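A.B. asks: Handing you this structure, nothing more for now.
The values are calculated or read from the model by the stated rules, or taken from the named source; none is laboratory data. Since we're looking at a predicted model, the values are computed, not measured. As a convention, Cβ positions derive from the backbone with ideal geometry for all residues, glycine included, and neighbour counts pool all protein chains shown.
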Amino acid sequence: MSATYEKIVRDLKEAMRTKDAPRLQVLRSLKAKILEKEISERKGSDVTLGEDQVREVLLKAAKQRKDSISQYKDAGRRDLAETEEYELGVIESYLPKMMTEDEIRALASKVIGNLEPSSPSDIGKVMGAMMPKVKGKADGALVNRVVRELLESL
């Protein structure tokens with residue numbers, strides 16, 4: 001059993017005890033998504049998700065919240081955006097610290113230096129080398145933007 005999943009379950013129980021309804025709702029949703037992923041991974045035998053798989057579920061949930069926040073703000077629904085922001089905060093508390101843009105830029109520069117791409121059209125090659133290094137630690141869209149900027153400045 002994943003340490004992160006166990007922490008979510010402990011925090012869920014604590015939220016029940018303290019009657020923290022908003023937090024309880026988010027934690028129940030996360031637990032359900034993790035269990036759903038666990039069930040979909042089963043192929044005839046019991047499977048418990050590892051830390052990486054739980055992190056994937058959390059990252060997906062965080063990305064969904066970020067997308068919702070953007071859409072709600074565009075639609076002028078600040079109340080709904082605030083709810084999503086709270087939920088995102090709860091989810092992010094279970095994720096490792098994300099890389100900053102400067103950290104991504106430094107890593108991308110190093111990867112580009114090693115691969116020596118000839119033009120911006122080599123973005124696929126650079127992204128292929130970058131993503132395993134930043135998986136679960138950086139937003140893919142941000143990584144793509146930084147790599148694109150660096151390649152265009154070649």
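A.B. asks: So, in the range 1-26, exactly how many residues are outside any helix (DSSP H, G or I) and more than 25 Å from E82 (Cα to Cα)? Reasoning before the result, please.
C.D. replies: So the first thing to find is which residues in the range 1-26 are outside any helix (DSSP H, G or I), and the list is 1-2, 19-20.
Keeping just the survivors that are more than 25 Å from E82 (Cα to Cα) gives 1-2.
Qualifying residue count, the range 1-26: 2.
A.B. asks: Could you grab me the full set of residues in the range 55-71 that are over 14 Å from L142 (Cβ atoms) and among the aliphatic types (A, V, I, L, M)?
C.D. replies: Scanning the range 55-71 gives V57, L58, A61, I69.
A.B. asks: Return the residues of the range 4-31 that are more than 17 Å from the chain's Cα centre (by Cα) and among the hydrophobic types (A, V, I, L, M, F, W, C); say none if nothing qualifies. Even if it seems obvious, please write down each step before you answer.
C.D. replies: Going residue by residue through the range 4-31, those that are more than 17 Å from the chain's Cα centre (by Cα) are 6-7, 9-25, 28.
Within the range 4-31, V9, L12, A15, M16, A21, L24 qualify.
A.B. asks: Also, quick follow-up: Tell me yes or no: at least one residue of the range 111-133 is closer than 28 Å to I8 by Cα and without any contact (Cβ under 8 Å) to a residue 12 or more places away in the chain. Steps first, answer last, please.
C.D. replies: Just the residues of the range 111-133 that are closer than 28 Å to I8 by Cα, to begin with: 131-133.
Cutting the leftovers down to without any contact (Cβ under 8 Å) to a residue 12 or more places away in the chain gives us 132.
Within the range 111-133 (the criterion being closer than 28 Å to I8 by Cα and without any contact (Cβ under 8 Å) to a residue 12 or more places away in the chain), the answer is yes, since at least one residue qualifies.
Yes/no matrix, rows are residues, columns are (1) in contact with a helix residue (DSSP H, G or I) (Cβ under 7 Å, 6 or more places away or on another chain); (2) at pLDDT 95 or above; (3) closer than 18 Å to L59 by Cα; (4) part of a helix (DSSP H, G or I):
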site	(1), (2), (3), (4)
A81	yes, yes, no, yes
E85	yes, yes, yes, yes
M98	no, no, yes, no
P117	yes, no, no, no
S121	no, no, no, yes
P132	no, no, yes, yes
A141	no, no, yes, yes
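A.B. asks: Looking at the range 66-85, which of its residues are among the β-branched types (V, I, T) and more than 20 Å from L30 (Cβ to Cβ)?
C.D. replies: So in the range 66-85, the residues among the β-branched types (V, I, T) come out as 69, 83.
If the condition is that a residue be among the β-branched types (V, I, T) and more than 20 Å from L30 (Cβ to Cβ), then no residue fits.
A.B. asks: Another question about this same structure. Limited to the range 39-78, what total is found for residues that are modelled with pLDDT of 95 or more, among the aliphatic types (A, V, I, L, M) and more than 22 Å from E92 (Cα to Cα)?
C.D. replies: Counting residues in the range 39-78 that are modelled with pLDDT of 95 or more, among the aliphatic types (A, V, I, L, M) and more than 22 Å from E92 (Cα to Cα) gives 1.
A.B. asks: OK, next. Please go through the range 1-30 and give me each residue that is closer than 21 Å to D52 by Cβ, of a type outside the set (A, V, I, L, M, F, W, C) and surrounded by 15 or more Cβ atoms within 10 Å (Cβ to Cβ), ordered by number. Even if it seems obvious, please write down each step before you answer.
C.D. replies: Going residue by residue through the range 1-30, those that are closer than 21 Å to D52 by Cβ are 1-11, 27, 29-30.
Now restrict to residues that are of a type outside the set (A, V, I, L, M, F, W, C): 2, 4-7, 10-11, 29.
S2, T4, Y5, D11 - these are the residues of the range 1-30 that are closer than 21 Å to D52 by Cβ, of a type outside the set (A, V, I, L, M, F, W, C) and surrounded by 15 or more Cβ atoms within 10 Å (Cβ to Cβ).
A.B. asks: Only one residue in K133, K110 is more than 18 Å from the chain's Cα centre (by Cα), basic (K, R) and over 30 Å from R28 (Cα atoms), so which one is that?
C.D. replies: Details: K133 fails: more than 18 Å from the chain's Cα centre (by Cα).
After applying the criteria, what remains is K110.
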